[in-house]
Amino acid sequence: MLRIYGIKNCNSMKKAFDLLNELGLSYEFHDYKKQGIAAECVKSWLDALGQDVVLNKKGTTWRKLSAEEQQTALASEDHLVQALTTHTSLIKRPILQTADGFIAGFDEAAYRALVEEKQD
């Protein structure tokens, strides 16, 4: 089963939910704004996707951090995991966990490919 991580009120998340429903793909939603997110989970995303994909530097949360806080977050993976679990809005949305790995951000083509894989 697919698991999608993010927050409920986000345009990218709404697009992802709509497409997953349209494609008839069942999924479990993890709202890390309400439920929090485990450091191990964030670390697995960083290992699989890399910091540049997982960390959303374009959002207001990143811009609101002081330069010192930003530098600290980028100083090591442990610091980055701490920042991402503390400020979950720093995580790119959505992150979709599939049987083959993760898809970060709303990627319509990648989501549609999941249906094709399922049919093979």
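Within region 70-77, not a single residue is free of Cβ contacts under 8 Å to residues at least 24 places away in the same chain, of a type in the set (Asp, Glu) and loosely packed, with under 15 Cβ neighbours inside 10 Å. The single residue among Gln70, Gln97 that is more than 15 Å from Tyr5 (Cβ to Cβ) and not basic (Lys, Arg) turns out to be Gln70.
What helices (runs of 4 or more DSSP H) lie completely within region 1-82 and have 1 or more residues being small (Gly, Ala, Ser) and at pLDDT 95 or above?
11-22, 39-49, 67-75
Contact annotation: residue pairs with Cβ atoms under 8 Å, 6 or more positions apart or on different chains, pairing a residue in region 18-34 that is within 18 Å of Phe102 (Cβ to Cβ) and touching a residue at least 40 places away in the same chain (Cβ under 8 Å) with a partner that is among the polar types (S, T, N, Q) and crowded, with 16+ Cβ neighbours inside 10 Å, are Tyr32/Thr88. A count restricted to region 78-120 and to residues that are surrounded by fewer than 21 Cβ atoms within 10 Å (Cβ to Cβ), under 27 Å from Lys15 (Cβ atoms), charged (D, E, K, R) and without any contact (Cβ under 8 Å) to a residue 40 or more places away in the chain stands at 5.
Let's see how each residue does on (1) over 13 Å from Ser89 (Cα atoms); (2) surrounded by fewer than 16 Cβ atoms within 10 Å (Cβ to Cβ); (3) of a type outside the set (Ser, Thr, Tyr):
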site	(1), (2), (3)
Tyr5	no, no, no
Ala16	yes, no, yes
Gly24	yes, yes, yes
Glu28	yes, yes, yes
Tyr32	no, no, no
Glu40	yes, yes, yes
Trp45	yes, no, yes
Ala48	yes, yes, yes
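The values are calculated or read from the model by the stated rules, or taken from the named source; none is laboratory data. It should be emphasised that the depicted structure is a prediction, and the values quoted were computed from it without experimental measurement. Here Cβ is always computed from backbone atoms with ideal geometry, including for glycine, and neighbour counts include all displayed protein chains.
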